[in-house]
Structure formats: structure tokens, C-alpha cells
Amino acid sequence: MPAAAPPPAAPRPPPRPGRAAWRAARGTVADEDAAWAAWQHHDAHADGRLWIGVTSTGIYCRPVCRVRLPRRENCRFFAQATQAEAAGFRACLRCRPEQAPGLARVDGPATLADLAADWLRPTLQTARPPALGPIAARLGISPRHLRRIFVRRHGLAPLAWWHDQRRTVRADPTPTPAPAVPPCR
Ligand SMILES: [Zn+2]
């Protein structure tokens, strides 16, 4: 029996520098009062222009993130996500700040459900569906929430969708022709 492909795994994070380094980190935003106000109000206009490192957790977020607001003295404000990374902060799994510039709505339920479908699709050739837990964890949501947004987006629960897609794939006997490779010249 062919073994099921392992679920997509997040790359191993590098060792974390520790609290002293985060506390010593200098923000790169000139107007910290405005940055703090944007963070307090989860201002969508600041999304893509402001990132906040939290020294009590070592995590950095986008201003739109709905995590509990930390104390202001624990916040370091950055004008670039890469600067927060360089200071040793790790990306929040809920708002995915490292993906913000190109995927401003990555935390939208439809986008998350589409991402989950994208990750499930390559496993359709395997004997068994992958576990949902790691997929939900990778998206920074609970398996229950993943199921809910998946049904709303695709009309079926993830596992029912997987079986349905698999039937479709198997019912189509036409093999996809391999693209012609032009000869080397
Ligand atoms: Zn966050």
C-alpha cells in the first residue's frame, strides 16, 4: 500500500535570539505615537506600512492583527517586515506579517480556505487524505474553524471535498499529455 504523503510542514524556525535582544531592538518608525494609535485601532490603512514587534513574546504582527494589545513599552515599531525579522522577532501565525505586502488579505476566510485546498490538491493521488490538524496549524487557525470556512467556500467539509475531488480525478481516464520539450540547440 502506498504510504500517504506527509502533510505540508512549515520550515523549522531558526533559534530565537531571546528577550534581551528583542528589548534592545530599535524600531524604525519615526512617529511612534501615530504607530501606536494605528495598532490600537487596528488601522487597515497602516497595513503594509507598519509592523509591530512585541518584546514580551518575540512575535511581530501587522496592525490589523486581532491579538490582545500588548503594553506600549513592549512594542517596537518597524517600517518593514524584514526589519522586524532582522531584530529577531518571529512572524505571528495569525496575521502572517511576512506575507503582508503581496497578500494583504491572507487572513480572509476565503483566502485561507483556498490555501487549504491548494495544499490538499497534491495529495489527491495518495491513498488516504492528510490530517487536517497540521494544515490548520500552518494557517494559524483551529481545525474546527478551518472546517467552517472551508464549507462556506467550497460547499463541502475538507475531507468530503478531498474524496469528491479524488473521484473526479480518477474518473477522468485521459492522461494529461506531457508538455513537449524543445530540443537543446
Ligand atoms: Zn499577528
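The values are calculated or read from the model by the stated rules, or taken from the named source; none is laboratory data. Predicted model, so just to flag it, every value in this text is computed and none were measured. No Cβ is skipped: glycine too gets one built from the backbone with ideal geometry, and neighbour counts run over all protein chains shown.
Quick test of your reading of the structure: Arg71 fulfils all but one of (1) over 30 Å from Pro143 (Cβ atoms); (2) modelled with pLDDT under 90. Name the failing condition by number.
(2)
Within 14 Å of the ligand (Cβ to nearest atom), over 17 Å from Ala20 (Cα atoms) and surrounded by fewer than 24 Cβ atoms within 10 Å (Cβ to Cβ) - does that describe any residue in region 51-60?
no
Name the pairs: first residue in region 132-155 and under 22 Å from Cys65 (Cα atoms), second residue β-branched (Val, Ile, Thr) and part of a helix (DSSP H, G or I), Cβ to Cβ under 8 Å, at least 6 apart or on different chains?
Going by the 8 Å Cβ cut-off, the qualifying pairs are Ile141/Ile149; Leu146/Ile135.
Does any residue in region 84-110 that is within 9 Å of the ligand (Cβ to nearest atom) come within less than 6 Å, Cβ to Cβ, of a residue that is among the aliphatic types (A, V, I, L, M) and at pLDDT 90 or above six or more places away or on a different chain, and which pairs are these?
Here the result reads Cys92/Ile59; Pro97/Ala81; Pro97/Ala91, each pair linking region 84-110 to a residue that is among the aliphatic types (A, V, I, L, M) and at pLDDT 90 or above.
One line per residue, one yes/no per condition, for (1) closer than 20 Å to Gly88 by Cα; (2) touching a Gly at 6+ places or on another chain (Cβ under 9 Å); (3) outside the structural domain of Cys92 (by TED's automatic domain parsing):
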residue: Ala34; (1), (2), (3): no, no, no
residue: Ala37; (1), (2), (3): no, no, no
residue: Ala44; (1), (2), (3): no, no, no
residue: Gly48; (1), (2), (3): yes, no, no
residue: Val54; (1), (2), (3): yes, no, no
residue: Gly58; (1), (2), (3): yes, yes, no
residue: Cys61; (1), (2), (3): yes, yes, no
residue: Arg68; (1), (2), (3): no, no, no
residue: Arg71; (1), (2), (3): yes, no, no
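Does region 127-156 hold any residues that are in contact with a Phe, Trp or Tyr (Cβ under 8 Å, 6 or more places away or on another chain) and assigned to a helix (DSSP H, G or I), and which are they?
Ile135, Arg138, Phe150, His154
Go through region 78-101 and report how many residues are more than 16 Å from Ala38 (Cβ to Cβ) and of a type in the set (A, V, I, L, M).
Residues flagged as more than 16 Å from Ala38 (Cβ to Cβ) and of a type in the set (A, V, I, L, M) within region 78-101 amount to 4.
Name the single residue that is nearest to the ligand (Cβ to nearest atom) among those in region 61-78 being under 13 Å from Trp22 (Cβ atoms) and not hydrophobic (A, V, I, L, M, F, W, C).
Checked region 61-78; the qualifying residue nearest to the ligand (Cβ to nearest atom) is Pro70.
Residue pairs, Cβ under 9 Å, 6 or more apart or interchain, first in region 57-68 and in contact (Cβ under 8 Å) with a residue 40 or more places away in the chain and closer than 22 Å to Arg26 by Cβ, second charged (D, E, K, R) and more than 9 Å from the ligand (Cβ to nearest atom). List them.
Gly58/Arg16; Gly58/Arg19; Gly58/Arg90
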